[in-house]
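Notes for the one structure printed next.
A short reminder: the numbers here are calculations on the coordinates, not readings from a lab. No experiment lies behind these values; they were computed from the predicted model shown. Cβ coordinates were reconstructed from backbone atoms using ideal geometry, including for glycine residues, and neighbour counts include every protein chain displayed.
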């Protein structure tokens, strides 16, 4: 079968591979729609996972089941399915402890284009089909449903980690597709005022549509100073970080109220240390919680988030700025994610 | 001063009383807008609090500060304020333990027209002004803000007690004003599908506007049977009870999934026992949580919920079906709550 | 193979059966030590599960692995293992949602002597060996470790459901083996004062040893009245129910403070309704949480609780009042659980 | 009146001051027993609060009420009381939000020898007596009860912040008096294995007594390497930091399992940044929670923790290595805390 792969550092292209084996609990799926992710860009051009060779890329897909293992009960060939980026081993100790995304080791619930080939091939392998696939609900557009693989659950997890409550003032750093879903997730958990940090016009418009009440642009001065001015010196209750660097948390801590929480869902790809300013962190005693986490994946998560789309709580259409047809557009769509033109939020390739 | 009072069981009318004393921490407030509540009806015509005499009614108000005690720091005469129905003693053991609404004893955070005169007078007394009043934000209509005293926090507390999470299927029983705010509160905590139980056309329309995806009418058959049919036998993740009787929980338990929660915010005025069907409760082992609770009051709660109105998350206008001007309409508005005509959701009296 | 079985209602005896099949993820285990449980008594003599025929009894065992399926990674024949009474399907939607004991349906994580043969046979089947077995730690007595299958996790879960916190005053109803573990579990979560309700001398002595500070005997008068007298009218912060009937919760509600929690781990075998007294429940608004739940099972739970025994936090020796050697004593030990002589807490049969 | 004060940086001594004014809600208390704290040392010799002049030191005391304000209801002159180091303004927004220790601003619930004179005087002022004092229970030694002011609640809060659960493996860094109470607090929340990091013989003996199962000495090599070797490469579930520097968290992160929590209760007095190693923190996605917090104070906290002493859960006697009689020993006892001789854990001065 064919797959669009990382050939080596800084090199991508089509390769021919054996169709994956389908274990007793597993499924093979053919993609109907896929999306490239900034993580794919990190993998290829920044070597985030090291120097991989001939590894098929991609972890965002909606597909059609091609084959299932003997022990699979709820899915059969021909079923249309949503595939989460994170596909845990549900009987692992980590999953039993509530952290399925770290099943088998930190971040090890992330398997596509990491421990095995990703979804940009004619077929891809899904471990534990009953536990990790979700049926595509009738009437849900497969192209929009691709946003459920990673963008929606990651952004929403930021709001979960920050534990947004009714009426909270929330700061969201970053308004790429994950940041936009963090804005939507904050509004959908009851936030009052939402500051979104970003500068691209298209993203700003989308952020407002998803519930941001004010936009903060780095170009207008220090992030913290702007927040303190806008809040009359009070700061924010919660913060979600969906962009920036290892230094971003240090910018947010000073504007976070005691008892506040920072939920990070930004993959920190470089830098030795995340830093927390000692004094603004209350000399270690300010109850300012700092946590970051990989999105929860698996079937239940997909079903629940899909239900939010089915019942009209969430409209992901504004995220999808580019639609392509055919595998031949994989490279173009990946390059878009790499180059991030001003009119891009997220591209989808329809197959 | 004058006040509209319960004269005795089944009797209401205007009385003349001494203006209340203002303690060192307290405030006297003159109402700008007030709303009668079903609780007032229970108090007068059902004797829910026993046979009271010459007790001024009412616990929902927006007002203007008339006088403050010597130790009050953040409020001064002339300030426009939101007054919560529940005004805790914040240094009580119960409040320190996280249950301020029970400060000094179960339900004892409820003081207006219970332990002291209510808000339907020329002046009313607010204990701990700094802890229990909130400044009316600029641009927030005082008439709409009256919904913050009780309707919004009570309905939203139902969603908090039920611990609604992203994508949950939620059942809301009752679509009076509190039930409608429970529907809104569920949607604003991320519910997917929301069933609302009720039959009045105006309330159904409002429920849909607040996020109900389907309406269940008791007249069409058993509540539980309808839910099970609509969910393909799966039932619901969470339930909020904002209407019904001591028997309502028994109807909901069978359609609640294991691990689900029932959040009751309906005042149960009669009946000896709430009943839980043993088998459908998993013989005591189904992890179906049953909890009911009085709304959290106080200043922070008011500020946070007001912020949701200021920033456009919540529009309470559909709740307010009747607006009256002048104290002389107090009795008419109270009678409306008692008679519940089909075109009523909530009346407000503007002063 | 041989097994000690329920032959039909009120009848037990030895039967000959096919050795169970071992699926790809599963294990066959031979018991080293087993214990009968009151649930076995309910099953046989009260028909709690209906009229079963030739079903091997038992769900508390430590054993030695005899065979493993092809996909099992962490266990091999000859390994000594702790077997939890509850063995979830970890990829089920319920487990993904945090309620593994209800995987596949309410209470359906309980499989032994319920959906399949139990552990009182020469061999028994364990689903998902990697997810549900735990290695017996070196130095841990297999006879004592049998208490980890059900008694310890069930009793401790009562303290978890009641959410015992530092310094809480806790009421524990019932001081059979589960109630004793509830007392120990409350002390090990930081309870201050602990009232234990029971009357058998041996159990009272054990309860004091596990941390009960006062004993309440039903024979001395109403439970609630005794608690209120002993607490100067204040009542208790939390309650754990490990004995009694469908009416026990109604006795506890009045002595529970607002904001308190009742954690039930008592299997309620008869009665139509659990009742909650309306007024003492704050007319539905007292924040008195009522919840009951089946113990969490699986491997991680067993490993964590075993660690508490290995590191000397918990000594289960006082629970084990009777030790028998050989399968021929299965019936005698089961009869002990049925007859509950005054010198019995829990018997173990060593094989 | 007389008070033992910080005269200026690096200088202490007795001064004469006006007896404090007692507000309407407040109390004046005369100390019966007091203890110096490492914070007093930081204040005087490290200038942690800046250059203060003639500020009476001390925040750990048991005393006798001398005077109460007109609005105080539950205390009267002559009552023996436990005084918490943290005395919140309970009606503040922060307290309403669950963070009373930050009432009025980050860390601002700490008033003694910070915003006002401390407890090392003939009389000291307590704000909100009803909310912040606790009656000394009959039979509780006032000298031991002094440990309730700060050492017990701070150490236990570490275990709360780390959210220790049954069977958790817990790392406690630091075994001074707070660290020892963190060890005790971890054991009393159900920890299994507990590693304690320290090297003084007396503290090691006390740590074992409070429940540490193994001791780690920095002198024997890298902390993290020792933990990983002792756990077979698995690391720990939770960590409590009660000693060290701004760099200590960076040492602990690598040995913390994903989903783990670090609860810091160590006052970080110097250094610009707390650092979190990026990769071992899962590139921002490992769900390793980092939080630090000032102890919760107030009356309920004191009552609950006192109950643990009254009912024999906690014996603080091993903490108190030095007992002095009379104010004249204040300086000697403070110098002990400064010099930390090997036979010291905590001194108390009895008055």
ask   = Between chain A and chain B, with a rotation axis joining them, whose C-beta in A is nearest that axis, and what is the whole-Å distance?
value = A:189, 3
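Pop the C-beta distance of residue D:270 and residue D:219 into the FRET formula with R0 = 22 Å and round what comes out to the nearest 0.05.
Working: r = 23 Å, r/R0 = 1.04.
With R0 = 22 Å, the Cβ-Cβ based efficiency is 0.45.
In the protein assembly as shown, what % of DSSP beta bridges are antiparallel (nearest 5)?
So the antiparallel bridges amount to about 55 percent of the total.
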request  = Could you please state, rounded to a whole Å, how far the C-alpha centre of region C:83-99 is from the C-alpha centre of region A:55-133?
outcome  = 19 Å
request  = Could you calculate the FRET efficiency of residue A:11 with residue D:163 from 1/(1 + (r/R0)^6), where r is the beta carbon distance between them and R0 is 35 Å, rounded to 0.05?
outcome  = 0.15
inquiry  = On a full-extension model of 0.36 nm per residue, what is the gain between residue A:199 and residue A:328, subtracting their alpha-carbon distance, rounded to one decimal in nm?
reply    = 43.3 nm
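Report the antiparallel proportion of the DSSP beta bridges in chain B as a percent, rounded to a multiple of 5.
Working: 29 of 55 bridges.
If we restrict to bridges inside chain B, about 55 percent are antiparallel.
Sorted by mean Cβ packing within 10 Å, highest first, what order do the peptides D:243-251, B:133-141, D:259-267 take?
Working: D:243-251: 19.9, B:133-141: 16.7, D:259-267: 25.1.
For the peptides D:243-251, B:133-141, D:259-267, the packing ranking is D:259-267, D:243-251, B:133-141.
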task = Could you tell me the distance between the Cα centroids of region B:196-211 and region D:236-280, to the nearest Å?
result = 51 Å
ask   = Taking the Cα-to-Cβ direction at residue D:339 and at residue A:46 and moving 7 Å from each Cα, how far apart do the two end points lie in nm?
value = 5.5 nm
inquiry  = Rounded, prolate or oblate for region D:156-292? Axes are the square roots of the Cα gyration tensor eigenvalues, ordered a ≥ b ≥ c, and the cut-off for rounded is a/c under 1.5.
reply    = rounded
ask   = Quick one: Cα centre-to-centre distance for region B:18-43 and region D:282-349, in angstrom?
value = 46 Å
key: CD proxy at 222 nm, helix term only [per DSSP H run n ≥ 4: -39500 (n - 2.57); per residue of chain C; nearest 500]   = -6500 deg cm²/dmol
inquiry  = Please state the shape class of the protein assembly as shown: rounded when a/c is under 1.5, otherwise prolate if a/b exceeds b/c and oblate if not, all from the C-alpha gyration tensor.
reply    = rounded
note = Proxy exposure order for D:304, B:116 (fewest C-beta within 10 Å first) is B:116, D:304
inquiry  = At 7 angstrom along the Cα-to-beta-carbon line, where would the label on residue D:7 sit relative to the other copies? Give the distances in nm, shortest first.
reply    = 7.7, 8.1, 9.5
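Which of rounded, prolate, oblate describes region A:21-66, given a ≥ b ≥ c as roots of the alpha-carbon gyration tensor eigenvalues and a/c under 1.5 marking rounded, otherwise prolate only if a/b is larger than b/c? Before the final figure, lay out each step's value.
Working: a/c = 3.38, a/b = 1.69, b/c = 2.00.
It is oblate, given that a/c is not under 1.5 and a/b is not larger than b/c.
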task = Report relative contact order for chain D in percent, whole number only (criteria: Cα-Cα under 8 Å, sequence separation at least 6).
result = 18 percent
query = Given a Förster distance of 45 angstrom, what is the FRET efficiency for residue A:208 paired with residue B:229, based on the Cβ-Cβ distance and rounded to 0.05?
reply = 0.65
inquiry  = Using a Debye calculation, one point per C-alpha and no hydration shell, please list log10 I(q)/I(0) for region B:66-225 at q = 0.10, 0.11, 0.12 Å⁻¹ in order.
reply    = -0.48, -0.57, -0.66
query = Roughly how crowded by other chains is peptide B:261-269, in terms of the mean Cβ count from those chains within 10 Å of each of its Cβ atoms?
reply = 3
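Report, as an integer, the average count of C-beta atoms from other chains found within 10 Å of each Cβ along C:79-92. Provide the component values of the computation, followed by the final result.
On the way: counts 0, 0, 0, 0, 0, 0, 0, 0, 0, 3, 4, 11, 15, 5.
The shielding value for this peptide is 3.
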inquiry  = For the ranges D:288-296, C:181-189, what's the packing order if you count other beta-carbon atoms within 10 Å of each residue, average per peptide, and put the highest first?
reply    = C:181-189, D:288-296
request  = Within a 10 angstrom radius of each residue's Cβ in A:308-318, how many Cβ atoms of other chains show up on average? Whole number is fine.
outcome  = 4
